[in-house]
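Accompanying notes for the structure given below.
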Amino acid sequence: MSTDGNKKQFWKRNTAKVPGSIQHVYGAQHPPFDPLLHANLIKAGNKPQTTPGGKPKKATTFQEFESITSDAWDVGDDDDELLAMAAQNLNIEVVMETANKVIENHSKQQEKQRQDDADASELEDREEEEHEEDVEEQWEEGEESTPEVSFACEPSPLSDGRRVKSLSEAPIGSPKDTSLHRQQSLPHRPTIPMVARIADQNTSGTPAMTEREASRLDKFKQVLAGPNTDLEELRKLSWSGIPRQVRPITWKLLSGYLPANTERRESTLQRKRQEYFGFIEQYYDSRNEEHHQDTYRQIHIDIPRTNPLIPLFQQASVQEIFERILFIWAIRHPASGYVQGINDLVTPFFVVYVFEYTKEEVENFDVSSLQEAALRNIEADSFWCMSKLLDGIQDNYTFAQPGIQRKVKALEELVSRIDETVHVHMQQYEVEYLQFAFRWMNNLLMRELPLRCTIRLWDTYQAEPEGFSHFHLYVCAAFLVRWRKEILDQRDFQGLMILLQNLPTMHWGNEEVSVLLAEAYRLKFAFADAPNHYKR
């Protein structure tokens, strides 16, 4: 069949949108996405429709709101000092040393794992040979009766002194049939919860910290304890991951939500939280008005699809919080309004700020057990920090999404220089980067990685200057090349697209993310200051 025929069949089977359906992706659950539709819309210069059958918005819909509300990051706000700090570069030697150390440690661990696997395989072969010899001896002894077959893995004694043979010992086809024995001896990798292993410690159960983890936590506490937090030092520490206990306060500082001065933090929190709930009182009831119906309807549709396999996000009170956050953000940002994908960006902040009020397992935590004041604080803090993040990437969501178009094009050029073989392979089978990387840019890889990995990734993004925009490009490039072997093994358009939209990251944890970030930093170090290196 021709390549075009394969592509048509693939999109017919895999991108048809069924109301209420959920497409499975390793590491995430999310609604179906049709990149060809987006590509065609963008080529046509049209903004993708965010509402089914929605009416065109009037030009004056948000003008009155724009004139009477300030932007989410006000000029002259108390956070000016943080804006200045955000422009500073990290100490290159420190971060480069961290990146190299991570990669070196990972290589050593892989070598050790290979050696362990080889030793285990050798031991298994010896056991199998001994087992086969035992079976042959039993057959040679001339057992007249057919051995009874038990489905137990281990032999069990009988009243007459004989032993029941295990299933692998039974004479099925051959006395040497050991396929089940082999299968049972394979190592079993436990399933990791969606949110567990978020930080250096497991969220569920919180095992005892290692000496290194305790030392890192002490360093964070020392930096945070001063009257004026050294944000540059905090960024250096955060680049390699933030301990769970101090992540909420560290994220608020690095995002620019809280000032570095300790004395001003409480008053800033009270003021910003009151401001947010002032917006709720003033504007939230307008969601039922005709000119806001399209926006609210799309938000209302998307919220239940957000992490549908994590019980935390299926609670009615949590979904109501998300609806309020997204609706208020949309009417305060008329240049973009609400765009599908923004709903995902609330979840990491919400989970991290729930940590402040509980030590329980997060994915199954019942938020109704929290006091109302705590829940209100989590909601307001999540809104402001998401707003800070989106301020840096808002051109991803404005008309025709030009920011995403530029980033996807830059990714294509970068990969063509980093790994030309992979780039040419995808060209050969007519896979366009926009067809898979649109989602990587639109959702910041949140639908490609488990939530625990996203939170670890965001530790570094908030430590990096322009982490969510500029550095994210290099993370995407490293992420694509990470699957080099799997990509080259695919020999048609359909196989490549299924792989790229369902990458097997379900069992990823801190180690995999750390290696990915280290590789991304090395790419940035090589290409960021010399953009012509990745331009043909």
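The values are calculated or read from the model by the stated rules, or taken from the named source; none is laboratory data. Computed from a predicted model, the values in this text were never measured in an experiment. Methodologically, a virtual Cβ is constructed for each residue, glycine included, from the backbone with ideal geometry; neighbour enumeration extends over all protein chains shown. Each accessible area value is taken on the protein alone, full model and side chains, heavy atoms only, with ligands, DNA and RNA left out. Shrake-Rupley method; radii C 1.70, N 1.55, O 1.52, S 1.80 Å.
At-a-glance table
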{"quantity": "Heavy atoms of His291 accessible to a 1.4 Å probe, total area in Å² rounded to 10", "calculated": "80 Å²"}
{"quantity": "Residue-wise HN-Hα coupling along the range 490-496, computed from phi with Karplus coefficients 6.51, -1.76, 1.60 (Hz; x: Gly, Pro)", "calculated": "7, 10, 7, 4, 4, x, 5"}
{"quantity": "The range 464-518: trypsin sites (Lys or Arg not before Pro) in DSSP coil with no more than 12 other Cβ atoms inside 10 Å", "calculated": "Arg491"}
{"quantity": "Simple label model, 7 Å out from Cα along Cβ direction - Asp285 to Asp391, nm", "calculated": "3.0 nm"}
{"quantity": "Gyration tensor verdict on the range 261-360 (Cα atoms; rounded if a/c is under 1.5, prolate if a/b is larger than b/c, oblate otherwise)", "calculated": "oblate"}
{"quantity": "Prolate/oblate/rounded label for the range 310-459 (Cα gyration tensor, a/c 1.5)", "calculated": "prolate"}
{"quantity": "Hz values of 3J(HN,Hα) by residue in the range 262-275 - Karplus curve (6.51, -1.76, 1.60), Gly and Pro given as x", "calculated": "5, 5, 8, 5, 4, 5, 5, 4, 4, 5, 5, 5, 5, 4"}
{"quantity": "Cα shape, the range 388-534, gyration tensor, a/c 1.5 rule", "calculated": "rounded"}
{"quantity": "Mean separation of Cα contacts under 8 Å, 6 or more apart, over the residue count of the range 447-536: relative contact order %", "calculated": "44 percent"}
{"quantity": "Paramagnetic reach from Asn261 in the range 228-249 [backbone N under 11 Å; point 7 Å along Cα→Cβ]", "calculated": "228"}
{"quantity": "Potential extension, Gln293-His507 segment - 0.36 nm per residue separation minus Cα distance", "calculated": "73.1 nm"}
{"quantity": "Label-reachable residues, the range 253-280, where backbone N falls under 18 Å from a point 7 Å from Arg376's Cα toward its Cβ", "calculated": "266-280"}
